[in-house]
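As structure tokens, the structure follows; a few thoughts come after it.
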Amino acid sequence: MIKKTITILLFILPFSLSFSQEKPDEKKIIQELSENACKCADSIALSNRKKEDIIKDVHECIDKYTGALQLSSLLSGAEKLSETAPEVNGKKQINLTFNSDKNSKQYIDNYNKLERYLMQNCESVKKATKTTETNYDKFSKNEVAVDFYQKAVEASKKENWKEAIQNYEQAVKTDSKFIYAWDNLGICYRRVGEYDKALNAYKQSLAIDPKGKMPLQNIAMTYIYKKEYQKAIDAYNDLDKVYPGDPEVYYGMGQTYFSYLKNSEKGLDYICKAYRIYTEQKSPYRSDAETIIGHIYKSMKEENKVDKFNEILKNNKIDFE
């Protein structure tokens, strides 16, 4: 791929204008561009699609507006450059280089700014990243079971967990092979603190489909709620056996080691691994991993372990500011 740069020449008459008054407000620009990217995300189809395709669409919405933020950032920096810029015919000449290479630091920095803002403020992006894949092979063909399932879904939307549980139980009683009903039953049990029943529901789902990602992930989460952290680590290792190299494994283990086992170094190493994969996948989850890295930095700084923090980042080939 050919890397392209565009040089923008600005000529400024000395003392003829106050650049600080003319330069764009970066926060306002980010907000405006993010609103446009969020509208783009509104149109992303979520039903019956692979998660990787949904994430790709989110990336394209962010990418669409990154160039405009790059240009705005360059213009915002022109004031500082004007202080040392050479004069040509009584005018100061400033060279601003716009790098269109999407692997360039300039592009990546601006892309990440939009992504962070959207992950915090755009409901469409949040919904897209949280959407689970729909596989109709995991649905029941029994109309009675599906009717109970739909009633349970509606009850869940209202956070009426007791009613949801009753309907999911009827769904799996009607069709014991109804995978999504078992999965959601487990989630509802977890919501009301019935953790052992939740684990049983997830295991019933895995007995039908041993590669079920939802129950594999949720078993680990349930052990965290039970404060059985080593079992949570073991469950993430089970997930890794089925989905080797999946960033959710590293992200979950990193959170568990840092937040619950109070092992900042192990937590950081796993979160760094998740961060690198999310970045390669152009996944918005990258910003979540970045946030945790920031928390770990504060913790390790308090423990006088900044050198160790930098060493772990270096070993994972991450340049984190």
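Assorted remarks:
- Number of the condition not met by Lys158 [criteria: (1) farther than 20 Å from Leu216 by Cβ; (2) surrounded by 17 or more Cβ atoms within 10 Å (Cβ to Cβ); (3) within 29 Å of the chain's Cα centre (by Cα)]: (2)
- For beta carbons closer than 7 Å, sequence separation of 6+ or different chains, a first residue in region 253-272 that is assigned by TED's automatic domain parsing to the domain that holds Ala220 and a second that is β-branched (Val, Ile, Thr) and not in a helix (DSSP H, G or I), the qualifying pairs are Cys272/Ile318.
- Within region 181-213, the set of residues being touching a residue at least 40 places away in the same chain (Cβ under 8 Å) and either more than 20 Å from Glu248 (Cα to Cα) or more than 29 Å from the chain's Cα centre (by Cα) (or both) comprises Ala181 only.
- Hits in region 194-220 (condition: buried (at least 21 other Cβ atoms within 10 Å of the Cβ) and either part of a helix (DSSP H, G or I) or modelled with pLDDT of 95 or more (or both)): Ala198, Leu199, Ala201, Tyr202, Ser205, Met214, Pro215, Leu216, Asn218, Ile219, Ala220
- Wholly enclosed helices (runs of 4 or more DSSP H) of region 225-320 bearing at least 1 residues in contact with a Lys or Arg (Cβ under 6 Å, 6 or more places away or on another chain): 229-242, 247-255, 264-280, 285-302
- Residue in region 53-72 that is over 23 Å from Leu114 (Cβ atoms) and either of a type in the set (Lys, Arg) or modelled with pLDDT under 85 (or both) present: no
The values are calculated or read from the model by the stated rules, or taken from the named source; none is laboratory data. Everything quoted here is computed from the prediction, not taken from an experiment. Positions of Cβ are generated from backbone atoms using ideal geometry, with glycine treated the same way; all protein chains shown enter the neighbour counts.
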